[in-house]
Amino acid sequence: MALKDKICLILVNAFIVMVLLIIAFGILVFFYVLEIKHDTTVLSSHPKMIYGVGFVRGIGQVTLKNKYSGFVSKVNFFSQQRVKKGDVILEYDDYDIRLKIMDIQNEISELKKEVELKQLSLAIKKIDPLPSDYRNLKWKRLSAEEKFRRFQHEMEVYDRLYKNKIVSELSMREKIQIFQDSKAEFKRYSDDEELLKQGLETLYIQTAEKELENTRLKLQNRTDKLNLLLEELKYYRIVAPMDGLCITNSDTVHGYNEAGCSAAVVHNDSKKIIYAYFEEREVGYIVIGKSCRFRSTEYDSKQEGFAVVTPYEVKKERTTWGDKCFFLVKFSIDKEVRPLRIDSTGQVEIDIQSMMQSNLTARRTEKRTR
């Protein structure tokens with residue numbers, strides 16, 4: 001009897017354990033189904049795909065803007081052509097400034113000749129600074145003084161003769177005139193000699209030096225202006241700042257560009273990247289390092305498929321178009337069907353559902369492992 005009780009007790013305990021295990025298993029299944037339902041609800045609440053408008057760029061790029069408005073007069077390199085540092089990509093109509101440069105160059109040539117003449121004039125002044133009227137002034141004054149004394153004596157004689165009515169009034173007037181002329185000549189030479197004593201010779205030399213200095217200053221001013229115009233002439237050329245591939249906004253002449261517009265872009269195409277713009281509400285779904293697709297407009301989507309790209313940077317700055325905000329996302333290119341052209345466009349496609357499904361599966365696996 002005791003044996004039968006023990007067997008019954010064992011069977012009852014085994015039944016209870018089995019029931020508890022079934023209940024525990026049912027609870028686990030219930031929560032598992034609940035989690036799957038929750039995940040399904042979460043997945044259904046998110047978009048299946050997000051899309052971004054993408055542009056192929058070089059790893060580095062420089063945008064070249066024209067400083068002055070003008071017409072394109074010459075196109076040396078077209079879009080998609082390679083350039084080297086220093087190559088002139090575009091040239092703008094520079095007729096007006098070239099005309100100014102030519103006028104100043106002519107003025108400079110004339111001023112250089114004038115400087116040479118002023119230098120010769122100064123050299124002559126240093127040798128013979130005074131005008132011809134001042135040469136031998138001392139002897140001219142002595143001669144004039146002697147004539148004045150002689151005419152003065154003659155005047156005294158004529159005056160007595162005139163008073164005695166020996167000479168006529170006409171002769172007397174002629175003598176007076178000759179005397180006055182000699183007196184004026186003597187005074188002029190005496191005054192000129194006094195000026196020489198005050199340093200007139202030095203003043204003539206200093207005047208010649210100042211004229212030479214003034215002409216040189218004019219020449220320097222015109223030369224400085226010419227240099228500024230030549231510097232300004234550089235801005236009528238769009239020059240490549242580095243080796244790379246250029247994209248221009250004008251592949252034909254006579255096109256007009258406003259000041260400050262983007263005339264050309266030079267890309268460092270040693271490595272290509274994708275710039276793509278996504279709406280603000282979609283940026284949160286982008287996972288750095290998670291590969292996705294880039295469907296280029298250069299590819300036949302049915303036959304060639306897509307390129308594989310990977311996001312590596314999301315810019316913090318917003319860009320507004322219309323009533324929507326966008327963020328710029330940079331992608332590296334992992335695989336190309338065929339080489340993508342710089343400045344070509346396409347669409348970046350990110351499969352949100354599959355990415356989130358993978359994350360949820362990984363999370364459930366981690367929980368089960370724990």
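The values are calculated or read from the model by the stated rules, or taken from the named source; none is laboratory data. These numbers were taken from a predicted model, which means no experiment stands behind them. Note that each Cβ is placed from the backbone with ideal geometry, even for glycine, and that neighbours are counted across all protein chains shown.
General remarks:
- Condition met for Ser262 (modelled with pLDDT under 90, among the small types (Gly, Ala, Ser) and crowded, with 17+ Cβ neighbours inside 10 Å): no
- On inspection, Lys330 does not qualify as among the basic types (Lys, Arg) and over 15 Å from Phe55 (Cα atoms).
- Every condition in (1) assigned to a loop (DSSP other than H, G, I, E, B); (2) buried (at least 19 other Cβ atoms within 10 Å of the Cβ) is met by Ile247 except one, and the failing one is (1).
- Annotation note: Cβ proximity below 7 Å between a residue of segment 293-312 that is closer than 11 Å to Ile333 by Cα and a residue that is among the aliphatic types (A, V, I, L, M) and part of a loop (DSSP other than H, G, I, E, B) (sequence gap 6+ or interchain) occurs for Ala307/Val337; Ala307/Leu340; Pro311/Ile286; Pro311/Ile288; Tyr312/Ile288.
- Strands (runs of 3 or more DSSP E) (entirely within segment 252-350) containing at least 1 residues that are touching a helix residue (DSSP H, G or I) at 6+ places or on another chain (Cβ under 7 Å) and within 30 Å of Ser69 (Cβ to Cβ): none
- Tabulated pairs, segment 63-90, first outside any loop (DSSP other than H, G, I, E, B), second modelled with pLDDT of 90 or more and exposed (fewer than 14 other Cβ atoms within 10 Å of the Cβ), C-beta under 8 angstrom, 6+ apart or interchain: Leu64/Pro241
- Within segment 66-78, the set of residues being touching a Leu at 6+ places or on another chain (Cβ under 9 Å) and more than 16 Å from Tyr256 (Cα to Cα) comprises Asn76, Phe77.
- When residues of segment 308-325 are limited to those that are in contact with an Asp or Glu (Cβ under 9 Å, 6 or more places away or on another chain) and modelled with pLDDT of 90 or more, the one surrounded by the most Cβ atoms within 10 Å (Cβ to Cβ): Val309
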